[in-house]
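One structure is given here, and the rest of the page talks about it.
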């Protein structure tokens, strides 16, 4: 059985958050369904230090440093695309990260309440290293990605085995 991980933001003290200078559709941007003018201009909205991952002020979108971008390309990891970001007043290069890999819907309990572990039909997974379950803004990744992040010491990310993630079901309506 394959092991998958939930890709999450592990915010560090003083981390820079960036804010887009133009409005955009958060979901469409995350899944690569939005055509942008590039570079996509952002400004620092809080924090003082840039790490490997720079988060936009929305809860779903982020950018990777030029170092991580180049390493991802060299490693041949799949299920992602990118767009160039320019940070007003900064010289560092970042690239917006979009998840293009997919799997089917999550199997959610019909009863209302907390449950442990995300589940989906593995036959619906497209085999990508980064992927998002249908109708969600979650990012899942493979063991290969977890190893990549560890070996390359990618900062301010958290990868959690999806079988132990705590989630909430609103129940059948």
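Kindly indicate whether any position in region 44-62 is touching a helix residue (DSSP H, G or I) at 6+ places or on another chain (Cβ under 8 Å) and at pLDDT 95 or above.
no
If you check every pair at least six apart or on different chains, which have Cβ atoms under 7 Å apart with a residue in region 30-59 that is without any contact (Cβ under 8 Å) to a residue 40 or more places away in the chain and at positive phi first and a residue that is buried (at least 18 other Cβ atoms within 10 Å of the Cβ) and assigned to a loop (DSSP other than H, G, I, E, B) second?
Here the result reads 47/16, each pair linking region 30-59 to a residue that is buried (at least 18 other Cβ atoms within 10 Å of the Cβ) and assigned to a loop (DSSP other than H, G, I, E, B).
Given the criteria over 20 Å from residue 138 (Cα atoms) and either buried (at least 18 other Cβ atoms within 10 Å of the Cβ) or touching a helix residue (DSSP H, G or I) at 6+ places or on another chain (Cβ under 9 Å) (or both), does residue 93 qualify? Talk me through it step by step, then tell me what you get.
Numbers: over 20 Å from residue 138 (Cα atoms): yes; either buried (at least 18 other Cβ atoms within 10 Å of the Cβ) or touching a helix residue (DSSP H, G or I) at 6+ places or on another chain (Cβ under 9 Å) (or both): yes.
When the stated conditions are applied, residue 93 passes them.
Could you list, in sequence order, the residues of region 141-173 that are buried (at least 18 other Cβ atoms within 10 Å of the Cβ) and out of contact with any strand residue (DSSP E or B) (no Cβ under 7 Å at 6 or more places or on another chain)?
Answer for region 141-173, where residues must be buried (at least 18 other Cβ atoms within 10 Å of the Cβ) and out of contact with any strand residue (DSSP E or B) (no Cβ under 7 Å at 6 or more places or on another chain): 148, 154.
Whether any residue in region 72-83 is in a strand (DSSP E or B), more than 18 Å from residue 143 (Cβ to Cβ) and touching a helix residue (DSSP H, G or I) at 6+ places or on another chain (Cβ under 8 Å) is what I want to check. Show your work before the answer.
Filtering region 72-83 for residues in a strand (DSSP E or B) gives 80-83.
Narrowing further to those that are more than 18 Å from residue 143 (Cβ to Cβ): 81-83.
Subset that is touching a helix residue (DSSP H, G or I) at 6+ places or on another chain (Cβ under 8 Å): 82.
Yes: one or more hits.
For residue 38, are the conditions met, namely being assigned to a loop (DSSP other than H, G, I, E, B), within 20 Å of residue 137 (Cβ to Cβ) and touching a strand residue (DSSP E or B) at 6+ places or on another chain (Cβ under 8 Å)? Quick ask: steps written out before the conclusion?
On the way: assigned to a loop (DSSP other than H, G, I, E, B): yes; within 20 Å of residue 137 (Cβ to Cβ): no; touching a strand residue (DSSP E or B) at 6+ places or on another chain (Cβ under 8 Å): yes.
Spelling it out, it is not the case that residue 38 is assigned to a loop (DSSP other than H, G, I, E, B), within 20 Å of residue 137 (Cβ to Cβ) and touching a strand residue (DSSP E or B) at 6+ places or on another chain (Cβ under 8 Å).
The values are calculated or read from the model by the stated rules, or taken from the named source; none is laboratory data. The model shown is predicted, which means the values in this text are computed figures rather than measured ones. As a convention, Cβ positions derive from the backbone with ideal geometry for all residues, glycine included, and neighbour counts pool all protein chains shown.
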